[in-house]
Every structure is written in structure tokens, then in C-alpha cells.
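Remarks on the structure that follows.
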Amino acid sequence: MGIFAEYAQLLVEVGVNIQPGQNLVINSPVDCAWFARLCAKAAYAAGCREVIMKWGDDELARERFLHARDDVFDAFPDWQAAFHNGYAREGAAFLNISATNPENLLGVDPDRLVRAQRSAGAAIQEYRNLQMSNAVPWCVASIPIPSWASKVFPDCPGEEAMEKLWDAIFQAIRITGDGGAVARWRQHLDTLAARVEKLNSLRLESLRFTNSLGTDLTIRLPEDHLWAGGGSKTLSGVPFIANIPTEEIFTAPLRDGVDGVVYASMPLVHNGSVIDGFHMEVKAGKIAAVHAKTGEDVLKAAISLDEGASRFGEVALVPYESPISRQGLLYYNTLFDENASCHLAFGEAYPECIRDGARLSEDERKARGLNTSITHVDFMVGTADLDIWGRTRDGQEVPVFQKGNFAL
């Protein structure tokens, strides 16, 4: 088996963990068609009922946002809503190949992007709810494309940049070409599970983040919060991995329990633009102000998408010495950058982060302290000098991170 086929097999058999007779929806850029075909072959070999392809294209997306009639962005096609909601309702698995030019939508009117997200969010809310509650298995992964590789390695010719990005990705996802990736992933998941168990045993009431960038943020946690990380399980008990790679342990903040200031430690790629040099002021859980050296208008639009977009849905712990961090690369792709750094997300919280959350309605989750939104945007806050102190519900102060790494 070649190294690319091994990667495809990992995504299909471990990522979404396709079950015999189950449908698989693959979302892929047209630039990645050759790899999507490998994933389809691996899925059929594993007993998949049918592989359904949904293609995307950077250049056409840019042309649409720049030149389509303005009323286009206030509606979402009925056939697309039926596609997403229908396959999710039927229990299909979803594999998303995330590969895009980080600055593909630079210069696009942020209002168009916000309106498009709002209309899509309303139309495919059923799909999002089923995905976020782990009712269906899903996995996000990436392969290089030239525009992305050139952004990561700007001083390298095109082919060399592609080769370097492939090498970096294979290192990050524990593929060496020896056929042992699945075994290495099983061991890695065991390590993450042990950390999850340790954090859950502490019954933390809050976390306080501080570092030399200026971050001083206190995050209260729901009383019955749960930490998660590595693998997840569907409501029917089938294991899957939502992100490959993954190095994080995460939970949900209390919706109105975040206060202070937080500085991003890395640029954020969002809606086809790069947001850099930014920080947020937070009061009673709500982002009260944002400041950015680059992309401030995009960031302000992102947190105004709906009421929940200005609150936090995730706090994730990643050691500064994680394998991806040690690469010393800025990927300009959140899938990788968030696994090199502790991060937060504004927007929707994962229901699995409170006890029995996946079986609760949106109103019930909100009443238990979880944030709800049609968006979920991760941004990186970890540094080599990040300290995180936890306060337990019986009043003890415990070091969770010291100088960027786990102290537990």
C-alpha cells in the first residue's frame, strides 16, 4: 500500500470509521479530486453503501462572493439544505477535506460573508445539530494544494513547497509509510484519554490563563462539565475521530463565565482572510471589544454572526511541546495550528462537554450553561510561558499548565 492510500485508509477506517452499509459524504475541493477518489476506494473496500461527492472550488467561490447579485447571499438553495440535512438524518458519515488558499476571499465584503453564513446556518441547522451532538460520525483532514503550500513556504518553488507541506502533514498525522499509522493512532488516543480522565477527576470550577503577551483570562466551567479529547463516539456507540491530526483536550466554558483579556498567539485564517495581531476584551462571557492589526473588520463580522458568536464555546489544552508545535511551522490552517497551541473558540459549544449533553435540546443545553451559535471558530492562545491555574469546587488551586505544558 502506498503512503497516500494509507492516509486515505486512516481517514475512512479510523477517522469516520465507516460501517458496513453506511453512506459516506465526502466534501472536497476539486484540486483534491485524486485523493478524494482514494478515500472513496477505501470506503468501498470497507463496506460503504455509497460514496457521495460534494465538490468545492476556491476560484469559483471567490468569483461568486465578488460578483454575484447581492440577494444571492440572503438565501440558501433548497436542494443543498435537503442534501446536508437528509444525509445527516439518515446517519451518513461525513469526511471533509480541508484545503484552501488562506487568503482566497481577501477583499470580499464581510457583510456578504456574514449574510451567506446566516442563511446557510438557518437552512442546515438540523445537519449542524446532528454533527455537533455526534449523532453522525465526521472527520476533517487536509492535503496540500499549491496556493496553500506557497503561503506556508513562501521562499520555495511550487513543487518544493508542496513536497515540504506533504512531509509536514505526514509527520503531524503519524504516517511514515510503514503501514503502522493505525497502531500509532491507537496509542496516541490512549495518551489523550488518560489526560481526559485526570482532568475530569479534578472537578474544576474555573481556569485562569496568564502569559507575557498580556493574556489574563478567567474561565468558569459548568458544574457538570466533561473534558474530551482524541476520539469521540456517536450516540450509537461507534468511535470516530473528528480531527486528524488532534492533540487537544477540550471542554466548554460557562456561557456567561469568561472575564478578562486574551491575546492571540498565532494568526487566524477565517473566511478566506488572515486575521493577525489581535486580542479580545471579555466581560461576563461576552466579547466586549476586539482589536487586530490585520483583518479587524473580518473578526468583527465573525463575532456578530449571531448572539452566540460573541461568546465562547470551547477551551482546549495543547502542550507547547506538542509534535505539531515542535515543527515550528505556521500552517495557516486551523486544523493544524490549533493542535500546536492551547486555543479557545467563539460560538457553539460541543454538547458532549456536559453530562448527557448530546441528548438535550438546544434550550436545555443553554440552561445548563453551554453557548449556542451557528458558528464555531478556534483561535490560538498558547505560548511557551502560558500558565493555567485551576480552581477546584472545594477551593483548591492546582497547576494545570506551567510554562506552556501540562503540569498534571
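The values are calculated or read from the model by the stated rules, or taken from the named source; none is laboratory data. Computed from a predicted structure; not experimentally measured. With ideal geometry, Cβ positions are generated from the backbone for all residues, glycine too; neighbour counts draw on all protein chains shown. Side chains included, ligands, DNA and RNA excluded: accessible areas come from the protein's heavy atoms. Shrake-Rupley method; radii C 1.70, N 1.55, O 1.52, S 1.80 Å.
Let's see how each residue does on (1) within 18 Å of PHE4 (Cα to Cα); (2) at pLDDT 90 or above:
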position	(1), (2)
PRO154	no, yes
TRP166	yes, yes
PHE170	yes, yes
ILE173	yes, yes
ASP178	yes, no
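Could you please find all residues in region 226-248 being over 15 Å from the mean Cα position of the chain (by Cα) and hydroxyl-bearing (Ser, Thr, Tyr)?
THR234, SER236
Of all the helices (runs of 4 or more DSSP H) wholly in region 323-369, which have at least 2 residues that are closer than 18 Å to PRO102 by Cβ?
Answer list for region 323-369: 334-337.
Which residue is surrounded by the fewest Cβ atoms within 10 Å (Cβ to Cβ), if the candidates are limited to region 34-56 and must be aromatic (Phe, Trp, Tyr) and without any contact (Cβ under 8 Å) to a residue 24 or more places away in the chain?
The residue in question is TRP34.
Please specify each residue of region 176-225 satisfying the condition of being open to solvent by less than 70 Å² (accessible area, probe 1.4 Å), in contact with an Asp or Glu (Cβ under 7 Å, 6 or more places away or on another chain) and either among the charged types (D, E, K, R) or closer than 26 Å to SER265 by Cα (or both).
THR210, ASN211, THR218, LEU221
Just to be sure before I move on: is PHE65 surrounded by 18 or more Cβ atoms within 10 Å (Cβ to Cβ), touching a Lys or Arg at 6+ places or on another chain (Cβ under 8 Å) and closer than 26 Å to ALA123 by Cα in the structure I sent?
Considered against the rule, which asks whether it is surrounded by 18 or more Cβ atoms within 10 Å (Cβ to Cβ), touching a Lys or Arg at 6+ places or on another chain (Cβ under 8 Å) and closer than 26 Å to ALA123 by Cα, PHE65 comes out as yes.
In region 81-108, which residues are touching a helix residue (DSSP H, G or I) at 6+ places or on another chain (Cβ under 9 Å), under 27 Å from ALA242 (Cα atoms), open to solvent by 50 Å² or more (accessible area, probe 1.4 Å) and assigned to a loop (DSSP other than H, G, I, E, B)?
THR100, GLU103
Which condition does GLU248 not pass, out of (1) in contact (Cβ under 8 Å) with a residue 60 or more places away in the chain; (2) over 30 Å from TRP166 (Cα atoms), if it passes all the others?
Failing condition for GLU248: (2).
May I ask you to list the residues in region 155-179 that are in contact with a helix residue (DSSP H, G or I) (Cβ under 8 Å, 6 or more places away or on another chain) and part of a loop (DSSP other than H, G, I, E, B)?
Of everything in region 155-179, those that are in contact with a helix residue (DSSP H, G or I) (Cβ under 8 Å, 6 or more places away or on another chain) and part of a loop (DSSP other than H, G, I, E, B) turn out to be CYS156, ILE173, ARG174, ILE175, THR176, GLY177, GLY179.
Please list, ordered by first then second residue, the pairs with beta carbon atoms under 7 Å, 6 or more apart or interchain, first in region 73-86 and at negative phi, second open to solvent by less than 70 Å² (accessible area, probe 1.4 Å) and small (Gly, Ala, Ser).
Here the result reads PHE73/ALA116; PHE73/SER119; ASP74/SER119; ALA75/SER119; PHE76/SER119; PHE76/ALA120; PHE76/ALA123; ALA81/ALA123, each pair linking region 73-86 to a residue that is open to solvent by less than 70 Å² (accessible area, probe 1.4 Å) and small (Gly, Ala, Ser).
Which of the residues that make up region 1-33 are within 17 Å of ALA88 (Cβ to Cβ) and open to solvent by 40 Å² or more (accessible area, probe 1.4 Å)?
Scanning region 1-33 gives GLN19, GLY21.
Hey, could you check region 55-80 for residues that are part of a loop (DSSP other than H, G, I, E, B) and of a type in the set (A, V, I, L, M) and say which is nearest to ASP31 (Cα to Cα)?
Residue satisfying both the conditions and the ranking: ALA68.
Every residue in region 144-154 that is under 22 Å from ALA33 (Cβ atoms) and either part of a loop (DSSP other than H, G, I, E, B) or of a type in the set (A, V, I, L, M, F, W, C) (or both), please.
PRO144, ILE145, TRP148, ALA149, VAL152
Going by what's in this entry, would ALA349 be described as under 19 Å from PRO222 (Cβ atoms), touching a helix residue (DSSP H, G or I) at 6+ places or on another chain (Cβ under 8 Å) and open to solvent by less than 10 Å² (accessible area, probe 1.4 Å)?
Yes: the conditions hold for ALA349.
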